[in-house]
Structures are given as structure tokens and as C-alpha cells.
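For reference, the structure discussed in these notes is given below.
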Amino acid sequence: MIYNKKTVRDVSFQGAATLVRCDFNVPMKDGVITDESRILGALPTIRYLMDQGAKVILCSHLGKAKGPDPSLSLESVAQRLTHHLGRPVLFAKDDCVVGEEAKKGAASLKPGEVMLPENTRFRPEESKNDPLFSKELASLATIYVNDAFGSAHRAHASTEGVTHFLSPCVAGFLIEKELQFLGDAVNHPKRPFVAILGGAKVSDKIKVIDALLEKVDTLIIGGGMAYTFLKAQGYDIGQSLLEEDRLEYAKDMMEKARQRGVALLLPIDHVVGDGFREEAHASVTEGASIGEGLMGMDIGPATIASYRKAIEGAKTVIWNGPMGVFEFPAFEKGTKEVAQAMAQCDAVTIIGGGDSAAAVHQFHLAEKMTHISTGGGASLEFLEGVSLPGIAALDDKEEQAQ
């Protein structure tokens, strides 16, 4: 799957009102932003548009609002943008998103100025991709830029609907970077190509496992999803996570890996606990089986060594999903060691967003990775080969003259 989309470099923005879909879905606690990574990630595109003389109208969702919710207002994001850009960012406080403040603000913008309307999910029509709301959003501008890869897998009003009312519709620098790294890794990987999948459930990654087995040389599986595979092989897994309805699927995937010559690596030992809690007593199993009453919480030392060896020999590594409950210090080592192996290897290393991204930041290894995706769900769907609506809706580059 190759997306050959126009980017901000292909358009003249001088004096043009430009609607920019960003990902400002930042973590907050008591009204305070606790991680500004997504705001910082949007700055290159915003600054470029400002320098090009665009009248910049940003938009984003925040949280899972079903309507107006003061705790999920984007006002604090506007304040942080003002700080980072060194220029005032006008915040339009309309709960209806496209209200009088937003309309007057957009009309009054001068080239190089920036406005941010309220959380798009204050309107339930956003997630329904309602054409009337899409048209309202589009009425603020003449050009559309999508730079929110983390929301590109959703056909919402601000990601797909507006493209029916604005032209041109192009990608920002963040999406361009995502397509470059993920696209090259999936379609033209340097080999050996290793994919690492973790997280709680097989069901969350059914399609991506199937798709990656068509492409990779080695597939490493850890986290809660590994126990379903081990159970399918006949091992005892104690009280570990198990999806009974996915046992046949696990068997099918192991057989597919065998037929295609893909090395499918599963845990050969575990760090287990006597319950799912931070203070659980941790011990290491002697093999792949887990005793009654115990729960797999992390991969063990022999597994770490096996996974490290596979990573060290790779030229492309994609990782999505932790190896264990890395939020608990006693069960963080597997995830940390995998991250360190990636940081130390001579390969293109891509982190597929979500918990994996959180882990590499927690272990201060983010700068050692080639690319950290800004979209967990979107990156998974990209790896599955699914067409992402927010990207598919953007304009294709014109064919080069022969």
C-alpha cells in the first residue's frame, strides 16, 4: 500500500484561509496538560503555513466528548501553542465549534495568524461524519491540511468529511513522515525484517498478525496475547490472560508462519505474579508453562535473550505493544530490554505508537529510535493494509511528465 499524496509543499498558501486538522488529543490531569508531545509534533507544519502567509485555522478533538464538556476544552492547548509559537493563538470558545466567535475570528485573520476553535467532538456530528457539520467546518477556509495521523483511520467530519467541500486537500509534515517510514518499512523493508507485537489481546491484532506474516522474516509475540498462543501449543498458562475463542486462530497463524518460513517467536519463560497488582510477588518460571494460581506478567530472561538476538540481527524492526505490565516496576524488564535492543541495533526502528511509544519515552530511549508513530490505532490499520479514510481523501500527486 503506497500513498502518493500531495503535501503542503505542493500548494501556495499566501493569503489563503487554511483549515488544519491536528492531533491535540493530549493527556490532561486536573485541567493541566501532562505531555505536550502532540502539540510539539504539530509545530513544524503550523510554522511552515504561517511563514507561507496562510491564515491558519487549526482544529482537533480532545478526549471522548459526546458534547460540550469544559474539562475537555482546547483552551489550554491554545495557550501552549501561543507559548511555543511566540505569537497569540486566537481561541474561539463556541461550544458549537463553528459559532460566531469562530466565524468572526476566521474572517479577521491576517496572513501568518492562527486561530483554534473548540473541541470538534463538542459536536456529536463530528464522529458521525455528518455532511452539514463538515460543511460548517469547511466554511471557515478554502484549503485543507490533514496532519493528524492518529485520527486518520477515522472517517470523521474533520478528517474526511471536510475534503468534500475544500480544495486542495493535502498532507502536513507529520503525515508525510508517517507514510514515508511506515510505507517504506511495510513495502520496501531492509531485511531481515522483524515485527514485534505485544499488548493484551490477540483479537486486537488479528488482521495485523495475518498481514505481517506475508511480509516479515521474524514475528515476535509477547504481552498478554502470547498466552493464547502458548495455550494453543498445549502449555499450562495458570491465571494468565486467555482468549478461548482465538485458540484456533492462533494455531492457524502458527501454521501459516511455518508454511511461509517465518520465524514466529513466543515466550519460553516468564516473570509471573500471584495476582494482577503492582505489589504482586514476582518469580521466574523454568520453562514456557505457568503454574496454577500464577499469572504471566512479563517475559522471562531466556525469552529476553531470544528476542534480543532476533532484534540485533535485523535491518528493519517495527514494534507495537509491550511485552508485559511495564507500568509495574517489577514487571517492566521485558519491555525495557526490547526497547534497549532496538535502540542499540543497526536497523530502521519504528515504534507503532500507543503503549510502545509510552514505554520508550518512559525508558528515555525515544531519541534512539528512527521513528515513533503518532497513531497507535492508525499505525496498526496501516500495517494491516487498510485504507485510512483521512489519508485516502487527500489529493494524489499528479503523475510526472514522461
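The values are calculated or read from the model by the stated rules, or taken from the named source; none is laboratory data. This one's a predicted model, so the numbers in the text were calculated from it and none came from an experiment. Note that we place each Cβ from the backbone using ideal geometry, even for glycine, and neighbour counts take in every protein chain shown.
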Mind listing just one residue for me: the one in region 331-378 that is assigned to a loop (DSSP other than H, G, I, E, B), touching a strand residue (DSSP E or B) at 6+ places or on another chain (Cβ under 8 Å) and aliphatic (A, V, I, L, M) and, of those, farthest from D35 (Cα to Cα)?
A347
Test T159 against the criterion of being among the hydroxyl-bearing types (S, T, Y) and under 30 Å from I290 (Cβ atoms), and give yes or no.
no
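Determine if region 213-225 includes at least one residue that is among the hydrophobic types (A, V, I, L, M, F, W, C) and part of a helix (DSSP H, G or I). Outline the logic, then answer.
The first filter runs over region 213-225 and keeps only residues among the hydrophobic types (A, V, I, L, M, F, W, C), leaving 213, 216, 219-221, 225.
Filter again for part of a helix (DSSP H, G or I), leaving none.
Scanning region 213-225, I find no residue that is among the hydrophobic types (A, V, I, L, M, F, W, C) and part of a helix (DSSP H, G or I), so the answer is no.
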Which of the residues that make up region 15-69 are within 23 Å of the chain's Cα centre (by Cα), of a type in the set (D, E, K, R) and either in a strand (DSSP E or B) or under 18 Å from V98 (Cα atoms) (or both)?
R21, K29, K66
When you check G377 against the structure, is it surrounded by fewer than 19 Cβ atoms within 10 Å (Cβ to Cβ) and not assigned by TED's automatic domain parsing to the domain that holds V216, yes or no?
yes
V348 passes all but one of (1) buried (at least 24 other Cβ atoms within 10 Å of the Cβ); (2) of a type in the set (A, V, I, L, M, F, W, C); (3) more than 21 Å from L266 (Cα to Cα); which number fails?
(1)
Within region 226-240, restricting to residues that are more than 19 Å from R258 (Cβ to Cβ) and crowded, with 18+ Cβ neighbours inside 10 Å, the one that is farthest from the chain's Cα centre (by Cα) is G238
Pairs with Cβ under 6 Å, 6+ apart, first in region 277-288 and closer than 16 Å to Y235 by Cβ, second assigned to a loop (DSSP other than H, G, I, E, B) and of a type in the set (S, T, Y)
A288/Y235
Just give me the residues in region 230-245 being in a helix (DSSP H, G or I) and not basic (K, R), in sequence order.
L230, A232, E244, D245
Within region 247-270, identify whether any single residue is assigned to a helix (DSSP H, G or I), in the same structural domain as G223 (by TED's automatic domain parsing), surrounded by 15 or more Cβ atoms within 10 Å (Cβ to Cβ) and hydroxyl-bearing (S, T, Y), and answer yes or no.
yes
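Here are A359, A339, A314, A366: which of them is crowded, with 24+ Cβ neighbours inside 10 Å and either at pLDDT below 95 or not assigned by TED's automatic domain parsing to the domain that holds E278 (or both)? Steps first, please.
On the way: A339 fails: either at pLDDT below 95 or not assigned by TED's automatic domain parsing to the domain that holds E278 (or both); A314 fails: either at pLDDT below 95 or not assigned by TED's automatic domain parsing to the domain that holds E278 (or both); A366 fails: crowded, with 24+ Cβ neighbours inside 10 Å.
A359 is the lone residue from the list that is crowded, with 24+ Cβ neighbours inside 10 Å and either at pLDDT below 95 or not assigned by TED's automatic domain parsing to the domain that holds E278 (or both).
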Have a look at E214, E244, E248 and point out the one that is more than 20 Å from the chain's Cα centre (by Cα) and either closer than 25 Å to D274 by Cα or polar (S, T, N, Q) (or both).
E244
Considering each of D204, D147, D130 in turn, give the residue that is closer than 29 Å to G334 by Cα and in contact with a Gly (Cβ under 9 Å, 6 or more places away or on another chain).
D204
Criterion: in contact (Cβ under 8 Å) with a residue 60 or more places away in the chain and farther than 18 Å from A200 by Cα - qualifying residue of A305, A343, A314:
A314
Scan region 106-114 and give yes if some residue there is modelled with pLDDT of 95 or more, more than 22 Å from R80 (Cβ to Cβ) and surrounded by 22 or more Cβ atoms within 10 Å (Cβ to Cβ), otherwise no.
no
Pairs under 7 Å by beta carbon, first residue without any contact (Cβ under 8 Å) to a residue 12 or more places away in the chain and in the same structural domain as N119 (by TED's automatic domain parsing) in region 92-105, partner surrounded by fewer than 17 Cβ atoms within 10 Å (Cβ to Cβ) and assigned to a helix (DSSP H, G or I), six or more apart or different chains?
none
Scan K64, K93 and give me the residue that is closer than 20 Å to N25 by Cβ, surrounded by fewer than 16 Cβ atoms within 10 Å (Cβ to Cβ) and touching a Lys or Arg at 6+ places or on another chain (Cβ under 9 Å).
K64
Which pairs have Cβ atoms under 6 Å, sit 6 or more apart or on different chains, and link a residue in region 383-395 that is under 13 Å from V186 (Cβ atoms) to one that is among the β-branched types (V, I, T)?
L383/V208; E384/V208
